[in-house]
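Enquirer: Have a look at the structure that comes next, please.
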Amino acid sequence: MSRLAIRLLTLAAFSMALATAPVITSVYAAPDSDAPAPPAKGKKKKSSQAAPSSEYAAFASGYRTAYATIYDHHDYASAIAQLQALGHDDSAAVANLIGYSYRKLGDYKLSQVWYERALRADPSHVKTWQYYGLWQVEQGNREQAQYHLNRIAQLVGTNSEEYRSLAEAIDKPPGTGLVY
């Protein structure tokens, strides 16, 4: 093959890789996009069963649909119904998104209930610590928000998007029209 042909093929392959690569954008409060495993009900499956079950596939599809309803369409009421229809309110990721949706609807009491439920399900769920910390900032509870920030630092360090997002919110002066 000639050098020109090799260069053209390399350029074409590089161009295709760039065209199909995901676009990375800066998101202030980055959502938890991966569908979590639903909480186990009853017996555990054998580890030899590598393929996801049809129950998990249905759960993951429903979770992604609700996720898109929240972050792409900003239809929080519909997302709450979709998430509750999954039947896995005891999943930290599901409860966190329900709490987030209630917060975006302005129902801070219900939002708090769901964030606390998410943390009971998984005290290490970083995204809940972040979102609940943002809730604390919106409520004017900066000391509590700082506690949430410290928990994130303990769990994943200070270089995570969750830490940076909450730290930035805490650093803003009160009453500056915080929207997260």
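Enquirer: For Tyr147 paired with Ser160, estimate the spin-label separation in nm (one decimal), with each label point 7 Å from Cα along the Cα-to-Cβ line.
Expert: 1.8 nm
Enquirer: Would you please give the FRET efficiency between Lys172 and Leu4, computed as 1/(1 + (r/R0)^6) with r the Cβ-Cβ distance and R0 = 41 Å, to the nearest 0.05?
Expert: Details: r = 56 Å, r/R0 = 1.35.
Efficiency for this residue pair is about 0.15.
Enquirer: Among Val126, Val94, Val156, Val137, rank each residue by its count of other Cβ atoms within 10 Å, from fewest to most, as a rough exposure measure.
Expert: Ordered from fewest to most neighbouring Cβ atoms within 10 Å, Val126, Val94, Val156, Val137 come out as Val156, Val126, Val137, Val94.
Enquirer: Continuing with this model, one more query. Counting other beta carbons within 10 Å of each residue's own, what order do Glu143, Glu162 fall into, fewest first? Intermediate results must be reported in sequence, preceding the final value.
Expert: On the way: Glu143 8, Glu162 25.
Placing the least packed residue first, the sequence is Glu143, Glu162.
Rule-based calculations on the coordinates, nothing more; no lab input. None of these values were measured; they are calculated from a predicted model. Counting neighbours? That spans all protein chains shown, and the Cβs are built from the backbone with ideal geometry, glycine included.
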